[in-house]
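Let me begin by presenting the structure, written as structure tokens, before commenting on it.
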Amino acid sequence: MFIYTRPKPIHMVNLAILISGRGSNMEAILRTVKKKKIPIKPAVVISNKPDAKGLKVAQKLGVKTAIVDSTGLKGGSWEYDQKLVSLLEENNVTPKNGLICLAGFMRIMSPEFIKKYQGRIINIHPAILPAFPGLHSQRQAIEHGVKYSGCTVHFVDEGVDTGPIILQAIVKVKDGDTEESLSKRILEQEHRIYPKAVRLFAEGRIKTRGRKTVTS
Ligand code: GAR
């Protein structure tokens, strides 16, 4: 009998997760890694906010944390992102072996940073892109009166929420939904598809052709 086993990637991917607050997506990823469902090494969780709740959660899960305070530094600045690069390098998350997950990281990355880690930065967004990019996407969805919204995991490029889409999940908008109630149901889907996308990346199963990704 012929049994096909997927060849293991030669190098384990080193994971950095960037957060600004609660860190529930970070937690979903780390818990899935812990259950050995993702062949990836969590190297560091970095927050730009010293009081981000997610930092404690990461520590409880045994993952190293660091703070690169962004107070007073405008989004998109290379000055800030260079500090991130130093920290990533110290933790062996490099443009050759790294994956950088933005998980509620509320800062625009500089073009220099994106170029350096091209194809290795992914983000979760609480809407079906290209609809409702930017901030308060769930509120935008409610106010627009859409019947369906959801979430998107995508590669990060130089635009705001414009990079190639990896996975999406649909959530029905109910009559009477508020920003909070819709956000809650979207978040459940975020926690499902973000770890899944990280696994696809870690196993080398995402190919990008222009704007399109193909997963195997
Ligand atoms: C999530 O809903 C995520 O999709 C959103 O922030 C929340 C972070 O929650 N991200 C964005 O809006 C990015 N534009 P978490 O800290 O509990 O993961």
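The values are calculated or read from the model by the stated rules, or taken from the named source; none is laboratory data. These figures come from a predicted structure and were not determined experimentally. Cβ placement follows ideal geometry from the backbone for every residue including glycine, while neighbour counts extend to all protein chains displayed.
Before moving on, here are some points about what is shown:
- Some residue of segment 68-79 being more than 15 Å from the ligand (Cβ to nearest atom), more than 26 Å from residue 158 (Cα to Cα) and basic (Lys, Arg): no
- Every pair of residues 6+ apart whose Cβ atoms lie under 6 Å, when the first sits in segment 1-30 and is more than 30 Å from residue 184 (Cβ to Cβ) and away from the ligand (no atom under 15 Å from the Cβ) while the second is at pLDDT 95 or above and of a type in the set (S, T, N, Q): 11/97; 14/92; 14/97
- Among the residues here, residue 137 does not qualify as within 16 Å of the ligand (Cβ to nearest atom), over 18 Å from the mean Cα position of the chain (by Cα) and of a type outside the set (A, V, I, L, M, F, W, C).
- Checking every residue in segment 123-138 against the condition of being hydroxyl-bearing (Ser, Thr, Tyr) and surrounded by fewer than 18 Cβ atoms within 10 Å (Cβ to Cβ) gives zero matches.
- Scanning segment 147-194 for residues that are aromatic (Phe, Trp, Tyr) and either within 12 Å of the ligand (Cβ to nearest atom) or more than 15 Å from residue 101 (Cα to Cα) (or both) yields 148, 194.
- Residues of segment 168-191 that turn out to be touching a strand residue (DSSP E or B) at 6+ places or on another chain (Cβ under 8 Å), without any contact (Cβ under 8 Å) to a residue 40 or more places away in the chain and surrounded by 15 or more Cβ atoms within 10 Å (Cβ to Cβ), as a count: 5
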